[in-house]
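Input: a single structure, listed below in structure tokens.
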Amino acid sequence: MKNFLKIFSLIILFSSISLSTQAAEKVEYLKTDWSFKGLFGKFDRASLQRGYQVYTEVCSSCHSMKYLSYRNLAEKGGPEFSEAEAKAIAASYEVKDGPNADGEMFTRPGKLSDKFVMPYDNVQAAQAANGGAYPPDMSVLVKARGGGVDYIYSLLQGYEDPPAGVTLDDGVYYNKYMYGNKIKMANQLSDGLVEYSDGTRATVEQMSKDVTTFLMWSAEPHLESRHQMGFKAILYLIILTILVYFSMKKIWSRVETEI
Amino acid sequence: MSDHEYTPKSKFGKWFNDRLPLLTLANHLTDYPTPKNLNYWWTFGGILTFCLITQIVTGLVLAMHYIAHADMAFDSVEHIMRDVNYGWLIRYIHANGASMFFLAVYIHIFRSLFYGSYKAPREIIWIIGIIIYLLMMAAAFLGYVLPWGQMSFWGATVITNLFSAIPLVGEGIVTWLWGGYSVDNPTLTRFFTLHYLIPFLILGLVVLHIWALHVPGNNNPVGIDIKKPSKDTVPFHPYIVIKDGFALLMFMIVFAFFVFYTPNILGHADNYIEANPLVTPAHIVPEWYLLPFYAILRSVPDKLLGVIAMLSAILILAALPWLDSSKIRSAVFRPLYKQFYWILVADVLILGYVGAMPAEGLYLLVARVATAYYFLHFLVILPVLGWKEKTLPIPLSITEPILGGSPNLATAKNKESLNN
């Protein structure tokens with residue numbers, strides 16, 4: 001058993017090293033308490049809905065969300081808009097469909113099954129409209145950046161005047177959390193930019209937190225069921241392990257040897 | 001194999017067994033005499049079997065939904081994550097399962113190194129194990145390419161480019177591997193095919209690995225030959241089954257923690273960016289389990305020699321039974337080897353660490369020293385230790401060191417001096 005604990009602690013050590021090397025060489029990001037972290041982490045429903053509002057009113061003019069469908073907005077574990085609300089949201093977009101029986105393409109109001117409408121037709125169009133920089137698709141953005149949610153949250157609030165000696169080209173901005181500090185996206189958020197219907201004050205900090213929460217959900221739409229299932233699975237495994245441990249003790253008691 | 005003949009009790013059983021002796025096999029597996037002093041380091045064989053089966057089962061399901069096409073692979077993975085029922089669970093088990101598989105295989109290999117399990121008469125078991133390990137690395141690399149993220153694409157580019165180091169035919173081989181002039185759709189489809197094939201090759205080799213194990217039987221922490229069956233052994237079932245089961249459950253708790261709570265921690269964030277041949281990531285790093293070899297590769301300034309060094313670092317293990325000249329198996333009775341063993345463990349961990357860091361400055365220097373030491377350990381230290389080292393007396397049987405103060409101690413010492 002002693003030996004066993006050694007192995008077990010070795011594995012724990014290995015995991016913590018892997019966790020800490022991930023955290024190494026990173027800038028200190030701004031911290032906030034995320035409701036979705038931890039064993040029972042869940043999304044803050046209201047924050048997700050506000051985050052969706054920030055996304056539609058601010059980000060969506062440049063950034064696509066190609067893996068999300070309007071139906072996702074009403075699904076469990078997400079912003080959980082009512083189905084009627086999600087339908088209304090979908091219907092407010094014009095979706096290109098076709099060809100119809102005459103071979104013509106046509107536009108129609110969006111349906112729940114439609115993917116989020118993209119701001120540009122293709123990558124080239126997006127680049128042309130943004131000075132050569134492609135605004136990345138935001139569906140899995142949180143998982144595609146080393147610092148994850150903390151990085152996105154900090155980046156949105158990291159705009160400042162460049163320090164002396166740093167010259168910036170046209171259309172390039174200084175952000176202290178950006179890799180290399182130069183970013184082609186201008187500061188988008190300012191206090192009171194959006195008007196939250198639930199009365200929450202739309203500070204830059206609040207909007208950053210809400211939209212980052214929304215991005216976390218879009219990258220991990222099943223996060224809540226993952227956490228719930230994980231807790232049950234691990235609890236089940238622990239109970240089973242204890243039972244098996246005692247049966248093992250019983251079986252091995254017939255043999256004069258330590259286990 | 002079991003010494004006694006087995007006859008099934010039922011008439012049908014006997015009829016069947018005469019034609020296909022499956023029942024004899026089952027009986028052999030349950031009765032298989034196993035040393036009773038096996039510690040928990042020995043449970044990783046069973047854990048590895050579990051890992052292999054898990055990877056095959058989850059992989060089959062993923063293959064039903066995955067599309068091996070350069071334009072659709074990334075999307076199909078997101079489709080699995082979002083729209084396939086429990087697709088996220090299957091994929092996270094498969095992705096983290098690869099890491100768990102390697103974690104277990106490294107413990108298994110280092111257990112073998114510590115207790116001298118590779119020595120006669122178990123050389124074939126060991127060599128089959130090394131082939132399995134090589135195939136695992138191939139499967140892991142190929143599998144990492146399939147999501148077609150940035151790290152997939154650039155990892156594939158870097159690794160396949162290693163073949164261009166071969167003189168004269170190198171470039172041709174790389175083009176042949178790619179199926180074109182760069183990593184592209186033909187590369188992806190063939191990688192998918194091979195990724196699907198290799199686990200079944202591994203499965204076949206695992207059967208051989210276990211078969212070869214069942215001829216001499218398990219080594220044990222004391223490292224002595226034991227009579228089978230005797231009071232030193234227990235039947236595999238239920239003793240080892242329950243113990244392996246207990247260890248496996250503990251392992252599954254760690255596994256589950258990764259899958260459910262930090263599923264992406266062992267992967268690289270860049271792999272959630274779709275592959276883009278026009279943008280090179282800032283640092284191209286392989287998965288953690290390949291880092292020590294990556295460090296060796298980069299520590300040699302010449303490309304061809306680097307590739308040779310990396311391959312030799314793995315292949316040298318196959319020659320281990322003949323490089324280690326000591327007749328004593330277990331490090332428990334080899335005071336000097338024990339120290340060198342832990343230095344080697346530290347050396348490999350250091351290699352892994354510098355493999356993750358940029359190859360420059362101090363990191364490069366450390367990588368070079370660690371690489372040199374790695375080869376020194378196998379090529380110089382092990383052969384010399386065998387005839388220089390003063391080993392401790394080994395007991396005659398497993399029961400003896402446990403009961404203590406055995407009258408056989410004098411005989412044991414005699415035997416040990418004969419060995420020297």
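The values are calculated or read from the model by the stated rules, or taken from the named source; none is laboratory data. Since we're looking at a predicted model, the values are computed, not measured. Please note: Cβ atoms are built from the backbone with ideal geometry, for glycine as well, and neighbour counts cover all protein chains shown. SASA here: full protein model, heavy atoms, side chains in, ligands and nucleic acids out. Shrake-Rupley method; radii C 1.70, N 1.55, O 1.52, S 1.80 Å.
Condition test on A:V244, is it among the β-branched types (V, I, T) and more than 11 Å from chain B (Cβ to nearest Cβ)?
On the way: among the β-branched types (V, I, T): yes; more than 11 Å from chain B (Cβ to nearest Cβ): no.
Criteria not met by A:V244.
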(request) Working only within the stretch A:203-227, note down all residues that are facing chain B (nearest Cβ under 10 Å) and without any contact (Cβ under 8 Å) to a residue 60 or more places away in the chain. (result) A:R226
(request) Tell me which of these B:V254 doesn't satisfy, since it passes every other one: (1) within 30 Å of A:K250 (Cα to Cα); (2) in contact with a helix residue (DSSP H, G or I) (Cβ under 7 Å, 6 or more places away or on another chain); (3) surrounded by 20 or more Cβ atoms within 10 Å (Cβ to Cβ); (4) of a type in the set (A, V, I, L, M). (result) (3)
(request) Kindly list, by first and then second residue, each pair from a residue in the stretch B:52-67 that is on the phi > 0 side of the Ramachandran plot to a residue that is open to solvent by 60 Å² or more (accessible area, probe 1.4 Å) and part of a loop (DSSP other than H, G, I, E, B), limited to pairs with Cβ atoms under 7 Å and residues at least 6 apart or on different chains. (result) none
(message) Return the residues of the stretch B:359-374 that are open to solvent by 40 Å² or more (accessible area, probe 1.4 Å) and hydrophobic (A, V, I, L, M, F, W, C); say none if nothing qualifies.
(response) B:A359, B:L362, B:L365, B:V366, B:V369, B:A372
(message) Tell me the residue from A:A126, A:A86, A:A133 that is touching a Leu at 6+ places or on another chain (Cβ under 7 Å) and of a type in the set (A, V, I, L, M), please.
(response) A:A86
(message) Going through A:G171, A:G158 one at a time, which residue ends up being small (G, A, S) and over 23 Å from A:K31 (Cα atoms)?
(response) A:G171
(request) For residues that are open to solvent by 40 Å² or more (accessible area, probe 1.4 Å), out of contact with any Pro (no Cβ under 7 Å at 6 or more places or on another chain) and either within 14 Å of chain A (Cβ to nearest Cβ) or not β-branched (V, I, T) (or both), tally how many sit in the stretch B:121-134. (result) 1
(message) Condition (residue is over 30 Å from A:Y159 (Cα atoms), open to solvent by less than 10 Å² (accessible area, probe 1.4 Å) and in a helix (DSSP H, G or I)) applied to the stretch A:231-250: is it met by at least one residue?
(response) yes
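Checking the conditions here, which among A:A164, A:A128, A:A186 is within 23 Å of the chain's Cα centre (by Cα) and at pLDDT below 95? Explain how you work it out, then say what you get.
Numbers: A:A164 fails: within 23 Å of the chain's Cα centre (by Cα); A:A128 fails: within 23 Å of the chain's Cα centre (by Cα).
From the options A:A164, A:A128, A:A186, the qualifying one is A:A186.
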(request) Just give me the residues in the stretch A:68-110 being under 25 Å from B:V77 (Cβ atoms), open to solvent by 30 Å² or more (accessible area, probe 1.4 Å) and part of a loop (DSSP other than H, G, I, E, B), in sequence order. (result) A:E75, A:K76
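Looking for something in a helix (DSSP H, G or I) and over 23 Å from the mean Cα position of the chain (by Cα) - is there at least one such residue anywhere in the stretch B:88-104? Write out each step before concluding.
First, the residues of the stretch B:88-104 that are in a helix (DSSP H, G or I): B:88-104.
Those left that are additionally over 23 Å from the mean Cα position of the chain (by Cα): B:88-89.
Scanning the stretch B:88-104, I find at least one residue that is in a helix (DSSP H, G or I) and over 23 Å from the mean Cα position of the chain (by Cα), so the answer is yes.
Can A:V255 be described as of a type outside the set (S, T, Y), in contact with a Gly (Cβ under 6 Å, 6 or more places away or on another chain), facing chain B (nearest Cβ under 9 Å) and within 27 Å of B:V234 (Cβ to Cβ)?
Details: of a type outside the set (S, T, Y): yes; in contact with a Gly (Cβ under 6 Å, 6 or more places away or on another chain): no; facing chain B (nearest Cβ under 9 Å): yes; within 27 Å of B:V234 (Cβ to Cβ): yes.
Taking the combined requirement at face value, the residue does not satisfy it.
Criterion first (surrounded by 15 or more Cβ atoms within 10 Å (Cβ to Cβ), of a type in the set (V, I, T), farther than 29 Å from A:N187 by Cα and without any contact (Cβ under 8 Å) to a residue 40 or more places away in the chain) does A:V117 satisfy it?
Numbers: surrounded by 15 or more Cβ atoms within 10 Å (Cβ to Cβ): yes; of a type in the set (V, I, T): yes; farther than 29 Å from A:N187 by Cα: no; without any contact (Cβ under 8 Å) to a residue 40 or more places away in the chain: yes.
For A:V117, the condition - surrounded by 15 or more Cβ atoms within 10 Å (Cβ to Cβ), of a type in the set (V, I, T), farther than 29 Å from A:N187 by Cα and without any contact (Cβ under 8 Å) to a residue 40 or more places away in the chain - is not met.
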(request) Quick one: in the stretch B:31-54, of everything that is open to solvent by less than 30 Å² (accessible area, probe 1.4 Å) and of a type in the set (S, T, N, Q), which residue is farthest from B:F192 (Cα to Cα)? (result) B:N37
(request) Go through A:G199, A:G171 for me and flag whichever is under 20 Å from A:Y55 (Cβ atoms) and either of a type outside the set (A, V, I, L, M, F, W, C) or open to solvent by 30 Å² or more (accessible area, probe 1.4 Å) (or both). (result) A:G199
(request) Please go through the stretch B:209-241 and pick out each residue that is over 24 Å from the mean Cα position of the chain (by Cα) and among the hydrophobic types (A, V, I, L, M, F, W, C). (result) B:I224, B:I226, B:V234
(message) B:D75 - would you say it is open to solvent by 40 Å² or more (accessible area, probe 1.4 Å), within 11 Å of another protein chain (Cβ to nearest Cβ) and at pLDDT 95 or above?
(response) yes
(request) Return the total of residues in the stretch B:269-299 being within 9 Å of chain A (Cβ to nearest Cβ) and in contact with a strand residue (DSSP E or B) (Cβ under 8 Å, 6 or more places away or on another chain). (result) 5
(message) Against the condition open to solvent by less than 40 Å² (accessible area, probe 1.4 Å) and modelled with pLDDT of 95 or more, how does B:L197 come out, does it pass?
(response) no
(message) Looking at A:E258 and the list (1) over 30 Å from A:K66 (Cα atoms); (2) modelled with pLDDT of 95 or more, which single condition is not satisfied?
(response) (2)
(request) Output the number of residues of the stretch B:338-358 satisfying the condition of being part of a loop (DSSP other than H, G, I, E, B) and surrounded by 15 or more Cβ atoms within 10 Å (Cβ to Cβ). (result) 1
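Of the residues in the stretch B:294-309, how many are under 15 Å from B:N161 (Cβ atoms) and touching a residue at least 24 places away in the same chain (Cβ under 8 Å)? Outline the logic, then answer.
Start the filter on the stretch B:294-309 by keeping residues that are under 15 Å from B:N161 (Cβ atoms), which leaves B:294, B:297-298, B:302-304, B:306-307.
Checking which are touching a residue at least 24 places away in the same chain (Cβ under 8 Å) leaves us with B:294, B:297-298, B:303-304, B:306-307.
Final tally of qualifying residues: 7.
Just to be sure I understand, how many residues within the stretch B:365-398 are farther than 21 Å from B:G223 by Cα and out of contact with any Asp or Glu (no Cβ under 8 Å at 6 or more places or on another chain)? I'd like the intermediate steps shown before the answer.
Pass one, the stretch B:365-398, residues farther than 21 Å from B:G223 by Cα: B:365-377, B:379-380.
Still in the running and out of contact with any Asp or Glu (no Cβ under 8 Å at 6 or more places or on another chain): B:365-369, B:371-372, B:375-376, B:379-380.
Residues in the stretch B:365-398 being farther than 21 Å from B:G223 by Cα and out of contact with any Asp or Glu (no Cβ under 8 Å at 6 or more places or on another chain): 11 in total.
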